[in-house]
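The values are calculated or read from the model by the stated rules, or taken from the named source; none is laboratory data. Note that this is a predicted model, so its numbers are computed, not measured. Methodologically, a virtual Cβ is constructed for each residue, glycine included, from the backbone with ideal geometry; neighbour enumeration extends over all protein chains shown.
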Amino acid sequence: MKIGAIPENLLERLAMVFGLVPTPFIDTFNAVIVARAVMVATKLDVFDSLASRPLSATELAKQLGLDAAALEKLLNVLVAIGYVKNGPAGFAPTRLARKWLMRDSPRSIRDNMLLRFLEWQAIETTEEFVRTGKALDVHDLIRDEQWAVYQRGMRSLARLSAPEVAARTPCLGNPLTMLDVGGGHGAYSAAFCRRHPQLKATILDLPQAVEVAVPLVAEEDLEERIVHKAGNALTEDLGRAVWDIILVSHLVHHFSDAQNRSLLKRAADALRPNGLIVILDVLRESSREVGSQTGALLDLYFAITSLSGTFSAEQIAGWLTPTHLGIERIIPLRSAPGISLVVAKKVADSKG
Ligand SMILES: C[S@@+](CC[C@H](N)C(=O)[O-])C[C@H]1O[C@@H](n2cnc3c(N)ncnc32)[C@H](O)[C@@H]1O
């Protein structure tokens, strides 16, 4: 997916064709105001408050304890970008806002909008990163009260693709044990447990994540089958021949090449025969190419936050070489465009 300047009328279309649009202005000033308006409206409960009936800015401001004139300006931006419509009875959310931003929508990514406020702070350090090459260690910087925002934000995105990930992971027979490395909120473990009725999952995550993630997993009603283990995936002994599935979702982009090599070596040792290592992440086109716009943006963002980035399937294959596991399948997700499953299998007589 791309962001960019989109003409709204014929004059603007012509200006675009003749190269008269100052695109950098749109890419920066407009983009930032759009982003902040959606984030703030979500945080202030604007969308949910308009769900049952349209309201004027004054009525909504009274209900939410906000300034009516200022709120009207925000609402006008939301109308301009298609999140809210303004009719005779007042402002109401559009289908887009109802689907993605309402608390009780099955596709809600409301929690992920709140995570944007934390990411914003990290993005502000881009200049420092480019000057010095020194990255943040984002997991060390998250404050105690921010861990729940982080985990809930990741969960809301994970829920969009977790059923597909569980359904399309080519498990043989009846998997019994799963290790979800950096699985925090548990949305993927829950989807795998629903798909495989005898499966039990262990989520290995940092202690701060585990503290806030336990109640999130309780919401899945699968406490009997999903447990957390507090630990560090960079150093943890993952066991010997104990897991049928080891999932590593959106974690390798926080680690260096050497750290991922070590993680996958320990994961391969910990797999049972016919077990699968499943890596879920944004893949680069190849080790040298940048690929899609989103891929390039994420590559920079992961570098700012963890001095890492996105990796290609070839690089992942390289981590697996010493383990004697080979990549069996790469499955681009339909529910999360740009994200792929990389599946490696430990064959019964593998030495890995
Ligand atoms: C980007 S989130 C991904 C969460 C989940 N796997 C998903 O795909 O939605 C990264 C997760 O890895 C965890 N994590 C980061 N560093 C870790 C480490 N060294 N050991 C274990 N977990 C780690 C974070 O706490 C967080 O839960």
* Of (1) surrounded by fewer than 17 Cβ atoms within 10 Å (Cβ to Cβ); (2) at pLDDT 95 or above, ARG288 satisfies all except one. Which? -> (2)
* Are any of the residues in the stretch 102-109 assigned to a helix (DSSP H, G or I) and out of contact with any Pro (no Cβ under 6 Å at 6 or more places or on another chain)? -> no
* Asked: So which residues in the stretch 220-231 are out of contact with any helix residue (DSSP H, G or I) (no Cβ under 6 Å at 6 or more places or on another chain) and either at pLDDT 95 or above or within 15 Å of the ligand (Cβ to nearest atom) (or both), if there are any at all?
  -> VAL227, LYS229, GLY231
* To do: Answer yes if at least one residue in the stretch 191-202 is touching a residue at least 24 places away in the same chain (Cβ under 8 Å), within 8 Å of the ligand (Cβ to nearest atom) and farther than 17 Å from VAL278 by Cα, and no otherwise.
  => no
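For residues that are in a helix (DSSP H, G or I) and surrounded by 22 or more Cβ atoms within 10 Å (Cβ to Cβ), tally how many sit in the stretch 167-188.
Residues that pass the stated criteria total 2.
Listed here are the residues, each with its yes/no results for (1) surrounded by fewer than 20 Cβ atoms within 10 Å (Cβ to Cβ); (2) in a helix (DSSP H, G or I).
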{"position": "THR42", "(1), (2)": "no, yes"}
{"position": "PHE47", "(1), (2)": "no, yes"}
{"position": "ALA61", "(1), (2)": "yes, yes"}
{"position": "GLU72", "(1), (2)": "yes, yes"}
{"position": "LEU78", "(1), (2)": "no, yes"}
{"position": "GLY82", "(1), (2)": "yes, no"}
* So which of LEU234, LEU247, LEU238, LEU263 is within 16 Å of the ligand (Cβ to nearest atom) and in a strand (DSSP E or B)? -> LEU247
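Give the residues of the stretch 267-279 that are within 12 Å of the ligand (Cβ to nearest atom) and over 14 Å from ALA201 (Cβ atoms), sorted by residue number. Walk me through how you get there before you give the answer.
Filtering the stretch 267-279 down to residues within 12 Å of the ligand (Cβ to nearest atom) leaves 278-279.
The one that is within 12 Å of the ligand (Cβ to nearest atom) and over 14 Å from ALA201 (Cβ atoms): ILE279.
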* Restricting the first residue to the stretch 246-259 and requiring it to be at positive phi, which pairs with a second residue that is part of a strand (DSSP E or B) and within 8 Å of the ligand (Cβ to nearest atom) meet a Cβ separation below 7 Å and a spacing of at least six or different chains? -> HIS250/LEU280
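When you check ARG225 against the structure, is it of a type in the set (D, E, K, R), surrounded by 15 or more Cβ atoms within 10 Å (Cβ to Cβ) and free of Cβ contacts under 8 Å to residues at least 40 places away in the same chain, yes or no?
So ARG225 passes the test.
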* Hits in the stretch 244-282 (condition: small (Gly, Ala, Ser) and touching an Asp or Glu at 6+ places or on another chain (Cβ under 9 Å)) -> SER249, ALA270, GLY275
